[in-house]
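See structure below.
The values are calculated or read from the model by the stated rules, or taken from the named source; none is laboratory data. Nothing here was measured: the structure is a model prediction, and the numbers come from that model. Reconstructed Cβ throughout: ideal geometry from the backbone, glycine too, with neighbour counts over all protein chains shown. Remember, those area values only see protein heavy atoms, side chains included, never the ligands or the DNA or RNA. Shrake-Rupley method; radii C 1.70, N 1.55, O 1.52, S 1.80 Å.
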Amino acid sequence: MEKKLERLKKVETPAADSEAKKRAAALAMAAFDESAENSSKTFQGMSWSMRLMSIFTPLKGIRLMDIRIPATAAIAALLIVPISWQLMNNTSLTPPPISDGRALQTEKKDKDETLSPLKNEPAPLVSRELAIAEPEMMMEAADMAMEAPAAAPPAGAMAKLATRTMSAPGLMQDQVVGYMQSGDQFESFDDANIKLTGDQPVSTFSIDVDTASYAYVRRAIVNGRLPQKDAVRTEELINYFDYDYATPPSADVPFAPQISVYPAPWNSARQLMHVAIKGYFPENVMAQPSNLVFLIDTSGSMNDTDKLPLLKRAFKLLVEQMDEQDTVSIVTYAGAAGVVLEPTNGNEKRKILDALDNLSPGGSTAGAAGIETAYRLANEAKNNGGVNRVILATDGDFNVGISEPEALKDFIKQKRDKGISLSVLGFGEGNYNDALMQALAQNGDGNASYIDSFTEARKVLVNEVGGTLQTIARDVKIQVEFNPAQISAYRLIGYETRALNREDFNNDKVDAGDVGAGHTVTAIYELTPVGAEQPVDPLRYGENTQVNATLESDELAFFKLRYKLPGADESTLLEMPVNQANVAADLNALSADIQFGTAVAGYGQKLRGNDVVSDFSFDDIAALARSGRGVDKFGYRAEFINLVEAAKSLATN
């Protein structure tokens with residue numbers, strides 16, 4: 001038998017033959033039938049002699065079945081091998097080769113190691129997804145190379161691949177050089193420019209308590225890629241965290257601003273002005289009745305596990321907090337809007353949870369029709385003394401319905417004026433339309449959150465449910481006037497998409513951001529004091545307006561805040577001077593909250609590639625964040641430090 005097998009190994013593999021395949025299959029079936037017939041005539045098991053025979057087959061002889069089985073297997077192998085080889089080379093089952101990507105990686109690494117060898121540093125503590133992201137990224141780059149072999153691969157992907165494998169000569173430490181594009185849509189904006197106080201002494205903007213940007217940035221980094229620049233809104237990164245700011249004593253005056261001035265950690269010639277605001281937080285934030293309508297996208301694009309399945313788990317968390325004074329309705333949209341659950345009392349939890357469980361994805365997205373139906377139900381169950389809110393949950397893809405975004409925004413504004421607000425929960429990636437979701441939330445007097453995990457769902461809908469549902473102040477605006485005798489220039493960090501005109505501050509018809517119960521808001525200005533190195537040269541011709549000698553005062557600035565209490569049509573003004581009493585000589589002498597918020601501000605600017613923080617490394621950011629970690633009940637600040645370390649590994653060293 002061994003000689004026969006040796007001869008078979010030397011025989012050249014024949015070409016695939018359908019007739020031979022049929023004959024081999026018939027032979028195998030006949031052998032099987034005969035074996036089954038013979039075995040049915042005997043008792044189960046083998047006699048002692050037969051067991052010995054099976055053990056010592058090469059020495060005691062060969063039975064008929066012992067020949068048929070290996071012979072049949074050998075014939076089948078001769079037929080299957082060429083067929084399998086053909087399938088592997090001509091079907092989509094074939095794994096994409098990565099030789100091109102590896103060659104590119106090796107070539108660049110070998111070339112650059114002679115110029116700037118990699119540092120031997122310990123790997124940061126990151127999640128499992130980040131640990132496996134690098135081979136996935138190499139495969140992605142190889143796939144793109146296969147799709148367009150004659151053209152250069154996309155710059156973002158290859159810059160990213162190079163970032164992970166080499167140290168590019170001529171780049172500053174920790175400089176971010178490339179981003180992996182995800183297909184998601186974000187509003188494009190530039191970082192705020194430095195303003196000369198003599199030319200523009202007044203800064204005006206709307207507050208922003210949204211946190212969607214931070215959660216999206218976190219997801220990108222955990223998945224092993226840097227987020228695209230426009231996905232990073234620095235103020236949302238800062239405001240993601242809860243800070244132990246001064247709490248106002250009553251709902252009648254819902255804010256108690258605190259202002260600190262201290263040296264900028266990334267430039268000793270500059271100062272930072274830190275504005276800290278915390279909204280009033282009632283003792284029982286859920287005491288106010290809520291009329292909620294869940295407007296849920298069940299289109300085909302919501303099929304991924306991080307979309308509709310996660311969405312249902314998130315809403316269940318909110319339902320568990322409802323009681324008999326609350327009302328819940330569910331509307332879906334996919335091809336046509338559908339009412340899944342008419343307004344239902346909050347204590348009928350089983351009925352509400354069953355309606356959520358029965359949701360399934362399918363169809364095109366008819367977002368506008370869904371919104372109209374949701375607002376109709378909200379109006380039918382409206383509670384004049386409570387919260388009336390539509391909560392839109394989607395990946396942001398509105399491709400049919402009201403085709404004009406402006407018309408959709410106007411519709412939401414009209415409903416807002418009738419007392420029904422809109423909040424947005426974003427899910428998934430690949431076609432997430434952040435720009436539209438932000439616009440809808442702003443026009444609906446609501447907030448926008450991005451749910452990338454069940455933990456984030458718990459943060460938004462359980463830990464911070466008061467801020468998510470109950471509004472304590474509307475149309476909140478901030479205006480700061482700087483004294484040119486003390487401050488020659490300034491720059492607001494973040495809030496680029498929330499800028500207002502100077503005259504908008506006193507105009508109560510101009511919409512601005514809302515603040516929920518217990519929400520914290522932080523705004524940070526970078527200041528250039530008079531006498532320090534100036535960021536802009538003075539004019540050669542014309543009046544030098546940098547310093548007005550008549551403004552002799554120790555005031556650095558004058559701070560104003562406007563807001564409307566719920567139900568009020570006229571705004572209330574808070575104001576306070578900023579003087580030398582607000583100045584601290586050392587950042588380390590200030591609270592952990594200020595230190596941590598400053599670290600996050602540096603991180604956001606770093607991710608956006610702002611040259612202002614080019615000398616402020618990721619290590620510096622992490623060190624400052626550690627010193628400001630303070631009380632970290634839910635571990636969010638520890639997670640941030642890990643993200644800083646992870647971002648460092650994704651940027652060039």
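When the pairs K415/K459; K312/K606; K349/K509 are compared against a 30 Å limit on Cα-Cα distance, K312/K606; K349/K509 fall above it. Couplings 3J(HN,Hα) of segment 257-269, computed from phi: x, 10, 10, 10, 10, 7, x, 6, x, 9, 7, 5, 7 Hz, in residue order, whole Hz [Karplus 6.51 cos²θ - 1.76 cosθ + 1.60, θ = phi - 60°; x for Gly and Pro].
When the Karplus curve 6.51 cos²θ - 1.76 cosθ + 1.60 is applied with θ = phi - 60°, which whole-Hz ³J(HN,Hα) does each residue of segment 629-635 get, with x for Gly and Pro? Along segment 629-635, the couplings run 4, x, 6, 10, 4, 9, x Hz. Using only side-chain charges placed at the Cβ, +1 for Lys and Arg and -1 for Asp and Glu, the dipole size of segment 381-499 relative to its Cα centre rounds to 540 debye. Taking amide H as placed 1.01 Å from N in the peptide plane, V583 has its amide H under 5 Å from the amide H of V261, each at least 5 places away in sequence or on another chain. Peptide packing for 473-481, 496-504, 567-575 was compared via the average number of neighbouring C-beta atoms within 10 Å per residue; ordered from the highest value, the list is 473-481, 496-504, 567-575.
Normalised by 2.2 N^0.38 Å, where N counts its residues, the alpha-carbon radius of gyration of segment 228-344 equals 1.57. Here the peptides 626-635, 613-622 are ranked by packing, the mean other Cβ count within 10 Å, and the order with the highest first is 613-622, 626-635. Accessible surface area normalised per residue over segment 216-317 is 31 Å², counting heavy atoms of protein chains with a 1.4 Å rolling probe. Neighbours of P201, meaning other residues whose beta-carbon lies under 9 angstrom from its beta-carbon, give a summed charge of -1 when Lys and Arg score +1 and Asp and Glu score -1.
Close amide H partners of V521, meaning residues 5 or more places away or on another chain with modelled amide H under 5 Å apart, are I277, K278, G279. Which value, in Å², gives the accessible area per residue of segment 454-548 when a 1.4 Å probe is used on the protein heavy atoms? With all protein chains present, segment 454-548 gives 41 Å² per residue.
Taking one quarter of the surface of the convex hull spanned by the alpha-carbon atoms of segment 194-266 gives a direction-averaged projected area of 8.0 nm². Ordered from longest to shortest, the equivalent ellipsoid semi-axes for segment 407-496 are 29, 19, 16 Å, each the square root of 5 times a Cα gyration tensor eigenvalue. 3J(HN,Hα) along segment 195-203, derived from phi through the Karplus expression 6.51 cos²θ - 1.76 cosθ + 1.60 where θ = phi - 60°, amounts to 10, 7, 4, x, 8, 9, x, 10, 10 Hz, with x in place of Gly and Pro. Under 5 Å from the amide H of L272 lie the amide H atoms of Y262, A264, L527, each residue being 5 or more positions distant or on a separate chain, with H modelled from the backbone and absent for Pro and chain starts.
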